[in-house]
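The values are calculated or read from the model by the stated rules, or taken from the named source; none is laboratory data. What you are looking at is a predicted structure, and each value in this text was computed from that prediction instead of being measured. Every residue, glycine as well, gets a Cβ built from its backbone with ideal geometry; the counts of neighbours run over all protein chains shown. Please note that ligands, DNA and RNA were not included when accessible areas were found on the heavy atoms of the full protein model with its side chains. Shrake-Rupley method; radii C 1.70, N 1.55, O 1.52, S 1.80 Å.
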2 protein chains.
Amino acid sequence: MVGGTDLQHPARDEIDLGDVLFALSAPDRLSIVLQLQQGPLTAARCTADGGPVPKSTKSHMLKVLRESGVIRNEPRGRNRVLTLRRVDLDARFPGLLDAVLGAGAAAATSAVGRSGANLDR
Amino acid sequence: MVGGTDLQHPARDEIDLGDVLFALSAPDRLSIVLQLQQGPLTAARCTADGGPVPKSTKSHMLKVLRESGVIRNEPRGRNRVLTLRRVDLDARFPGLLDAVLGAGAAAATSAVGRSGANLDR
């Protein structure tokens, strides 16, 4: 069934501001959200900020993001596909996601810049 | 000394996105930030979301907000004055504070509306 899912997702009007802010507050989880900006990805292709993490850690990260309403995690064939709930979040908290993604992307760029500087590039 | 402070505050460029999102993710802490939108308040006049809380709880809330860079907590005479670091936050994370405050105010209004509905108003 297209769009069917075995996991619980909050409806748009159940999405809670505090839950969303908390979900986005961890760099690892924010990194996943940044990866989903361009479109859905299979869970296997999403990576944590610092590279490989234990499967249980990643599973927990995805759970916090899903239960807060930030992402959907749905089965598709033998994969699981992650989707950023941009339309729902924009409707619920106008401007919030763009502000966080903008700040998150800037922070990531700045971190790359700093590590570049450390390499004397 | 005007503007002098005994407590540590991060400089603008040390303010971390994750710390700010975490600080704003708790309704009690967000409630304090909403109260500071109109201007500084003494710590004694700021209240937690649900009313009176133990002094140690309030003290911890203010510590998280201060250490994340969301507020300043400075002595003035015999009082302590809390100030929202709007200019620093707007410079560091454009649009973020307004988006959170807008969503937080809407959530607060909606909660009041719901409790009103429960009273059959």
What residues qualify as long-range amide H neighbours of A:I71, i.e. H under 5 Å apart, gap of 5 or more or another chain, H built at 1.01 Å from N?
A:R66, A:R85
Round to the nearest 10 and report in Å² the accessible area of A:D88, as given by a 1.4 Å probe over the protein chains' heavy atoms.
30 Å²
Counting only heavy atoms of protein chains, what accessible area per residue, in Å², does the range A:1-101 have with a probe of 1.4 Å?
53 Å²
Please give the peptides B:59-68, A:24-33 ranked by average Cβ packing (other Cβ atoms within 10 Å per residue), highest first, as a rough proxy for protection.
A:24-33, B:59-68
What number, in percent, do you get for the relative contact order of chain A if the mean sequence gap of Cα pairs under 8 Å and at least 6 apart is divided by its residue count?
30 percent
B:A48's amide H: which non-local residues (gap 5+, or another chain) put their own amide H closer than 5 Å, with H modeled 1.01 Å from N in plane and none for Pro or chain starts?
B:V53
Estimated 222 nm signal from helices in chain B, with DSSP H stretches of n ≥ 4 weighted -39500 (n - 2.57), rounded to 500:
-15500 deg cm²/dmol
Describe numerically, in nm with one decimal, the distance between label points set 7 Å from Cα along Cα→Cβ at A:T83 and at B:E14.
4.4 nm
Peptide B:26-39, shielding by other chains (average Cβ, 10 Å cutoff)
1
Under the Karplus relation 6.51 cos²θ - 1.76 cosθ + 1.60, θ = phi - 60°, what is the ordered set of whole-Hz ³J(HN,Hα) values for the range B:68-84, x standing for Gly and Pro?
7, x, 6, 10, 9, 10, 10, x, 9, x, 8, 9, 10, 10, 9, 10, 6
Whole-Hz Karplus couplings 3J(HN,Hα) for the range A:21-35, θ = phi - 60° and coefficients 6.51, -1.76, 1.60, Gly and Pro as x, run 4, 5, 4, 7, 7, 9, x, 4, 6, 4, 4, 5, 4, 4, 5
If amide H atoms are modeled at 1.01 Å from N in the peptide plane, then the residues at a separation of 5 or more from B:V81, or on another chain, having amide H under 5 Å from its own are B:A43, B:E74, B:R76
Given unit charges at Cβ for Lys, Arg (+) and Asp, Glu (-), the dipole magnitude of chain B about its Cα centre in debye, nearest 20, is 500 debye
Using a 1.4 angstrom probe on heavy atoms only, work out the carbon and sulfur share of the accessible area of the range A:17-104 in %.
52 percent
With a/c under 1.5 counting as rounded, go ahead and sort the protein assembly as shown into rounded, prolate or oblate using the C-alpha gyration tensor (a ≥ b ≥ c being the square roots of the eigenvalues; past the cut-off, prolate if a/b is larger than b/c, else oblate).
oblate
What does the buried accessible surface come to for A and B, summed over both chains, with the probe at 1.4 Å? Round to 100 Å².
1100 Å²
Residue-averaged beta-carbon neighbours from other chains (10 angstrom radius) around A:81-94
1
Tell me whether chain A comes out rounded, prolate or oblate; compute the Cα gyration tensor, take square roots of the eigenvalues as a ≥ b ≥ c, and use a/c under 1.5 as the rounded threshold.
oblate
Per 0.36 nm of contour for each residue apart, how much would the distance between A:R76 and A:A105 grow if the chain were fully extended, relative to their Cα-Cα spacing?
7.6 nm
Shielding by partners, peptide A:11-20 (average Cβ within 10 angstrom, other chains):
3
Copy-to-copy spacing for B:P40, label 7 Å out on the Cα-to-C-beta vector, in nm, shortest first?
5.2
Inter-copy distances for B:E14, label 7 Å out on the Cα-Cβ vector, sorted ascending, nm, one decimal, are 4.2
Selection from A:M61, A:P10, A:L96 lying farthest towards where the dipole of chain A points positive, charges on Cβ
A:M61
